[in-house]
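See below for the structure under consideration.
The values are calculated or read from the model by the stated rules, or taken from the named source; none is laboratory data. Because the structure is a prediction, the values reported are computed rather than measured. Glycine also receives a Cβ, built like all others from the backbone with ideal geometry; neighbour counts cover every protein chain displayed. The area values use the complete protein model at the heavy-atom level, side chains included, leaving out ligands, DNA and RNA. Shrake-Rupley method; radii C 1.70, N 1.55, O 1.52, S 1.80 Å.
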Amino acid sequence: MTVPRRYLIQTFGCQMNEHDSERIAGLLEQDGLVAATSVDDADVVVLNTCCIRENADNRLYGQLGHLKSLKESRDGMQIMVGGCLAQKDRDQIQSRAGYVDVVFGTHNVASAPGLLRRSVLEGPVMEILDEHEAYPSALPARREADHSAWVTIQIGCDNNCAFCIVPSVRGKEVSRRMGDIIHEVEELAKDGVREITLLGQNVNSYGRDLGVGQYRPEFSDLLRALDAIDGIDRIRYTSPHPKDFRPDTIAAMAECASVCEHLHLPLQSGSDRILARMHRGYTASRYLEKLRLARESMPDLAVTTDIIIGFPGETDEDFAATLAVAEVAQYDSVYTFIYSPRPGTEAATMIDEFVDPDVAARRMELLDEVVERSALAKHQARVGRVELALVEGPSKKDPNVWSARTGQNKLVHFSADGVNIGDLVEVRIEYAAPHWLRGVFVGKHSSARRARTRIAVTAL
Ligand code: 5AD
Ligand code: SF4
């Protein structure tokens, strides 16, 4: 009997990449490979790369250098590079690192096992397509968790935010057919999945490229259809774009019992001047108005965001506007990023206006202080309440403690016997930190479906 080859995937970047990695794993397993436990016992190492922010290239070539020496000492070992950086750099990867066996792009994940087989016979191969060949979700997967799954509803992006490389590596926006999404989620539910996260770069424009005649499915239609599927207790989605975030989505979120009370609405900047230079298509007051409406409809809504600091030309006054919006928005948590030029994007050409790195770092500290304050206040307001949470696994710090996630996407740690990953539990919150909560186990629960709020959504 031949011993199966072992693969290991290292994933960089966003949930879209994590989801692609599950598909790559599923495809490799279909081809007879089995999962390795570390790079040291892997015959095939796949690097699923990201290029959205700084340093991705350095990290990739650093990691490749390490793999090169492993490959030299291990007969038959192969290295594959996929993902956004592969899509962007294409043949540069094999010209800089000739020992890489396979380079594949974001649109041809499905071809990865075939390319691997080909490379055994032919030596290094590369295949990068400019249009997608199959929805990642339509391929076999090896999911990380049994109770939770990602579902791609849209790929690519038709926006042109001046800082962003995504449209050039993920291509134009293509929505997946609603029937295919519903079918996939029904199958996931039969398989025991309780929580799904819908993935797209700009989920609110879902359906713009679909439909016949007068009928165009909207994102809100999709939420309602998925909410009706038995067995799915929780629906999350990421990310909406503020310019396309409309009352019908808010209404669907408020009505659908399984849609979590969590909104990740990327602000990027609180300065109207910078927002215009970024081509974001909204002003700070319009953004805040949408947030107000969402909170009015879902009083217990958790709100998170992405903010870029030091976009070219950002003055102290622009940054003060960002701080002011963050104060008003009272976020539950914020991902803050220092602007990094991505070659080929519009903002990367604004070299004369790049912000001094020390100034940007100082601004980041100031913003983080404001955000920590609101995050802590939001968490402290939950002390004494009983929260419904989905168990994710043992806590990273202490294996005797469980970590679970509430509908608002907050991490809760607690101790209990007889609890399993994927259980829904009730936990009384005892202590709040800015990034997590601690509580006392109350009991198990059968469904996360919260009472429908049914608050009418007025027009914007
Ligand atoms: N520099 C810094 N942050 C960026 N992001 C995207 N491109 C850049 C860049 N060039 C951030 C945005 C986006 C998140 C996923 O990454 O805030 O919402
Ligand atoms: Fe990038 Fe803007 Fe598209 Fe988001 S909406 S992926 S930030 S171009």
Please report the spacing between the Cα centers of region 269-288 and region 382-448 in Å, no decimals. 37 Å
I'd like the FRET efficiency for ASP306 and VAL386, computed as 1/(1 + (r/R0)^6) with the beta carbon distance as r and R0 of 30 Å, rounded to 0.05. 0.45
Length-normalised contact order of region 265-381 in % [C-alpha pairs under 8 Å, at least 6 apart]: 29 percent
Could you check how many percent of all C-alpha pairs in the chain are farther apart than 38 Å? 27 percent
So if we plug the beta-carbon distance of SER73 and ALA228 into 1/(1 + (r/R0)^6) with R0 = 41 Å, what FRET efficiency do we get, rounded to 0.05? 0.15
Using +1 on the beta carbon of Lys and Arg, -1 on that of Asp and Glu, and nothing else charged, what's the dipole of region 26-97 about the Cα centre, debye to 20? 340 debye
Dipole magnitude (debye, nearest 20) for the chain, charges at Cβ of Lys, Arg, Asp, Glu: 700 debye
Given unit charges at Cβ for Lys, Arg (+) and Asp, Glu (-), the dipole magnitude of region 386-445 about its Cα centre in debye, nearest 20, is 160 debye
Per the helix-only calculation at 222 nm, which mean residue ellipticity applies to the chain, given -39500 (n - 2.57) for every DSSP H run of n ≥ 4 and division by its residues, nearest 500 deg cm²/dmol? -10000 deg cm²/dmol
Label-point separation (nm) for TYR99 and SER446, each offset 7 Å from Cα along Cα-to-Cβ? 5.8 nm
Listed residues THR349, THR406, LEU376: farthest to the positive end of the dipole of region 346-408 (Cβ charges): THR406
Give LYS190/LYS290; LYS88/LYS396; LYS190/LYS444; LYS243/LYS378 a once-over and call out the pairs whose C-alpha atoms are over 28 Å from each other. LYS190/LYS290; LYS88/LYS396
What number, in percent, do you get for the relative contact order of the chain if the mean sequence gap of Cα pairs under 8 Å and at least 6 apart is divided by its residue count? 11 percent
To the nearest Å, what is the center-to-center distance of region 328-368 and region 12-75, using C-alpha atoms only? 29 Å
Per residue solvent-accessible surface (Å²) - the chain, probe of 1.4 Å: 43 Å²
In terms of the alpha carbon gyration tensor, root eigenvalues a ≥ b ≥ c, rounded if a/c is under 1.5 and otherwise prolate when a/b exceeds b/c or oblate, region 1-98 is oblate
For region 163-308: span of alpha carbons on each principal axis (Å, largest first): 49, 36, 30
Say each of TYR61 and ARG428 gets a label point 7 Å from the Cα, pointing the same way as Cα to Cβ; how far apart are those two points in nm? 5.8 nm
Percent accessible area from carbon and sulfur atoms, region 143-260, protein chains only, probe 1.4 Å: 48 percent
Give me the percent of accessible area attributable to carbon and sulfur for region 386-445, probe 1.4 angstrom. 49 percent
Amide N proximity, region 351-367 versus ARG53 label position 7 Å along Cα-to-Cβ, cut-off under 19 Å: 355-367
Length added when fully stretched, GLU346-ASP31, from 0.36 nm per residue minus Cα-Cα: 109.2 nm
